[in-house]
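Visitor: Below you will find the structure I want to go over with you.
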Amino acid sequence: MTDIRVWVDGTLVGPDTPAVSAVDHGVTVGDGAFETAKIDHGVPFAVTRHLRRLDRTMSGLGLPAADHDRIREGIEAVLDGDPIDFGRLRFTVTGGRGPLGSDRHDSDLTHIVTAVPHTRPEAHGSVVTVPWVRNERAATAGLKTTSYADNVIALARAKGQGALEAIFGNTRGELCEATGSNVFVVVDGVVRTPPLDSGCLAGITRELVLEWCAADGVEVVEEALPLEVLTRADEVFITSSIKDVFPVSAADGRALPAPGPMTARVRQVWAAHAALGVDP
Ligand SMILES: Cc1ncc(COP(=O)(O)O)c(C=O)c1O
């Protein structure tokens, strides 16, 4: 991780340089929002949509609005210099200095922007379900907060089982999402994905797949699906900013075509539209 570039509140700093207060509420209680966008050929993808989602998370947390100009300044700073061929751009905004507990001080927000090269995604990968649930009624449901420990635990379990991603159901036993991706299944020849009230994150890639497939006449249905749909779906794919539309080759050990025909079609739609601009 030596090639990670870090910018905090106006200054580029070394990755090992202390730059955030030890009593920052993001550090002490995970009181913050973040976004991860893809960098491809030196250019970040869909930054405007990521900033919009950051605003929704900040508002959902009850924090003041993040400073978009500041974040854009940070993005320019970390992308200056040698272009990153493929990588991850992350921006994080926390509540700033706070007390050690869950209460808040009236404090300036902390704005952090980082960029790091990343290997391009593999052609496909496997997923496993985990025994823990997404709580679709949680105060933070659908928010991209810096409290990601549930995802850290689930992803470690998936990796321990040789899988690439972990899939959560919600408290109603419905298919929800993965630790860092949304999930789609193909049943009866139709692409289906859980609706936002399943408790999943409103993924930018998910949202673009829905918009672009609708534009190109490829039906994608948002509907509640039982978690066990993974035992009978003909195809499964996951979507994320880093993975785009990513074929799943096995779910809980059951082999799947990767990509199957519908996944391949959605990937074509994605590639055609994504080629038209970097900030759709
Ligand atoms: C929990 C969760 N779900 C879904 C996604 C996919 O969202 P996006 O397509 O915006 O990357 C992410 C992204 O990291 C995530 O953290």
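Visitor: If a/c stays under 1.5 just call it rounded; otherwise compare a/b with b/c (prolate if a/b is bigger, oblate if not). Do that for the chain, with a ≥ b ≥ c from the square roots of the Cα gyration tensor eigenvalues.
Guide: Details: a/c = 1.85, a/b = 1.44, b/c = 1.29.
It is prolate, given that a/c is not under 1.5 and a/b is the larger ratio.
Visitor: Further question: Would you please classify the overall shape of the range 69-201 from the alpha carbon gyration tensor, given that a ≥ b ≥ c denote the square roots of the eigenvalues, rounded means a/c under 1.5, and beyond that prolate means a/b larger than b/c while oblate covers the rest? If you can, show how the numbers build up before the last one.
Guide: Numbers: a/c = 2.08, a/b = 1.30, b/c = 1.61.
Verdict is oblate for the range 69-201.
Visitor: Can you tell me the dipole magnitude for the chain around its Cα centre, using point charges on the Cβ only (Lys, Arg +1; Asp, Glu -1), in Debye to the nearest 20? Provide the component values of the computation, followed by the final result.
Guide: Numbers: 26 positive and 38 negative charges, 97 e Å.
So the dipole magnitude of the chain works out to roughly 460 debye.
Visitor: Helix 47-61 against the longest principal axis of the chain: what's the angle in degrees, Cα atoms only, rounded to the nearest 10?
Guide: The answer is roughly 80 degrees.
Visitor: Run the reach check for residue 144 against aspartates and glutamates, Cα to Cα strictly under 19 Å, same-chain hits fewer than 8 apart removed. What comes back?
Guide: Counting by Cα, and skipping residues close in sequence, residue 144 has these aspartates and glutamates nearby: 24, 31, 35, 55, 67, 136, 165, 177, 197, 207, 244.
Visitor: Accessible area per residue, 1.4 Å probe, Å², for the chain: what's the number? Could the numbers behind the result be given before it?
Guide: Numbers: 12700 Å² over 280 residues.
With the other protein chains kept in place, the chain gives 45 Å² per residue.
Visitor: Give me a comma-separated list of calculated 3J(HN,Hα) values for the range 90-99, in order, Karplus coefficients 6.51, -1.76, 1.60 applied at θ = phi - 60°, integers in Hz, x for any Gly or Pro.
Guide: With the stated coefficients, the range 90-99 comes to 10, 10, 10, 10, 10, x, x, 4, x, x Hz.
Visitor: Under 20 Å Cα-Cα from residue 159, which lysines qualify once same-chain neighbours fewer than 8 residues away are excluded?
Guide: In chain and number order, the partners are 243.
Visitor: A further question on this structure: I'd like the orientation of helix 204-215 relative to the chain: the angle between its Cα long axis and the longest Cα principal axis, in ° from 0 to 90, rounded to 10.
Guide: 50 degrees
Visitor: Anyone know which of 101, 74, 189 comes out most mobile in the 10 Å Cα GNM of the chain?
Guide: In this elastic network of the chain, the residue with the biggest mean-square fluctuation among 101, 74, 189 is 101.
Visitor: Shape of the range 1-72 from its Cα gyration tensor (a ≥ b ≥ c, root eigenvalues): rounded if a/c is under 1.5, otherwise prolate when a/b > b/c, or oblate? Numbers along the way, then the final one.
Guide: Values: a/c = 1.96, a/b = 1.02, b/c = 1.92.
Oblate.
Visitor: Let me have the 222 nm mean residue ellipticity of the chain computed from DSSP H runs of 4+ only, each contributing -39500 (n - 2.57), with the sum over all residues rounded to the nearest 500. Kindly include the intermediate steps, with their values, before the conclusion.
Guide: Working: 6 runs with 70 residues, N = 280.
Helix contribution divided over all residues of the chain: -7500 deg cm²/dmol.
Visitor: Set Lys and Arg Cβ to +1 and Asp and Glu Cβ to -1, take the dipole of the range 197-269 about its Cα centre, and tell me which of 208, 257, 241 lies farthest positive.
Guide: 257
Visitor: Let me ask something else about it. Against the longest alpha carbon principal axis of the chain, how many degrees, from 0 to 90 and to the nearest 10, is the axis of helix 149-160 turned?
Guide: Here the helix axis deviates by roughly 50 degrees.
The values are calculated or read from the model by the stated rules, or taken from the named source; none is laboratory data. Here the structure is a predicted model, which means the values were calculated and not measured. As a convention, Cβ positions derive from the backbone with ideal geometry for all residues, glycine included, and neighbour counts pool all protein chains shown. Quick note on the areas: whole protein, heavy atoms, side chains included, nothing else; ligands and nucleic acids left out. Shrake-Rupley method; radii C 1.70, N 1.55, O 1.52, S 1.80 Å.
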